[in-house]
1. How do the peptides 68-81, 5-18 rank, highest first, by the average count of neighbouring beta carbon atoms within 10 Å per residue?
2. Using Cα pairs closer than 8 Å and at least 6 residues apart in sequence, work out the relative contact order for the chain, in percent.
3. Could you derive backbone 3J(HN,Hα) for region 76-87 from the dihedral phi with the Karplus parameters 6.51, -1.76 and 1.60 (θ = phi - 60°), listing whole Hz in sequence and x where the residue is Gly or Pro?
4. From a point 7 Å beyond the Cα of residue 63 in the direction of its Cβ, which residues of region 93-116 have a backbone N at a distance under 16 Å?
5. About the Cα centre, and with charges only on the beta carbon of Lys, Arg (+1) and Asp, Glu (-1), how big is the dipole of the chain? Nearest 20 debye, please.
6. What is the calculated FRET efficiency for residue 103 to residue 7, with r their C-beta to C-beta distance and R₀ = 30 Å, to the nearest 0.05?
7. Over the chain, what is the percentage of antiparallel beta bridges among all DSSP beta bridges, to the nearest 5?
Amino acid sequence: QVQPVESGGGLVQAGGSLTLSCKVSGHTFSSDTMGWFRQAPGAEREFVAVIRWSGGSLYYADSVKGRFTISRDNAKNTVTLQMNSLKPEDTAVYYCAARNGGVYYSPRWYDYWGQGTQVTVSS
């Protein structure tokens with residue numbers, strides 16, 4: 001069983017930065033692709049960024065492109081989301097998710113989910 005665990009959320013002022021980490025345990029060979037998603041109150045869960053453990057595939061939502069950076073450390077089974085120039089509209093619960101297979105942007109294709117970490121950006 002693959003188990004992602006997020007950490008690093010918190011409260012930050014607009015323009016600030018936060019780093020989210022996702023540690024993946026369990027059968028990591030079943031988690032080819034790792035994604036970050038977020039869900040604001042009253043909204044659907046949405047794609048933020050995705051990366052493959054094998055490298056070479058990095059994709060971002062248009063809303064975060066140029067501000068967020070996703071990276072991976074295969075030796076530590078950790079995926080990181082560096083968030084810069086944060087805006088109040090980035091406020092949400094951020095989730096790390098894993099799937100066995102290629103890149104998908106829809107959360108419905110991800111099999112394993114972390115518990116989420118709250119990110120709050122004040123104006």
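The numbers here are math on the coordinates, done by the rules we state, and not lab data. Note that the structure is predicted; figures quoted are calculated from it, not measured. Neighbour counts are summed over all protein chains in view; Cβ atoms, including those assigned to glycine, are modelled from backbone coordinates with ideal geometry.
1. Ranked from most to least packed, the peptides come out as 68-81, 5-18.
2. Relative contact order of the chain: 36 percent.
3. So the Karplus estimates, Gly and Pro as x, are 9, 6, 10, 10, 10, 10, 8, 10, 10, 6, 5, 10 Hz.
4. 93-96, 105-108
5. Working: 11 positive and 9 negative charges, 35 e Å.
It works out to roughly 160 debye.
6. Numbers: r = 24 Å, r/R0 = 0.80.
With R0 = 30 Å, the Cβ-Cβ based efficiency is 0.80.
7. So the antiparallel bridges in the chain amount to around 90 percent.
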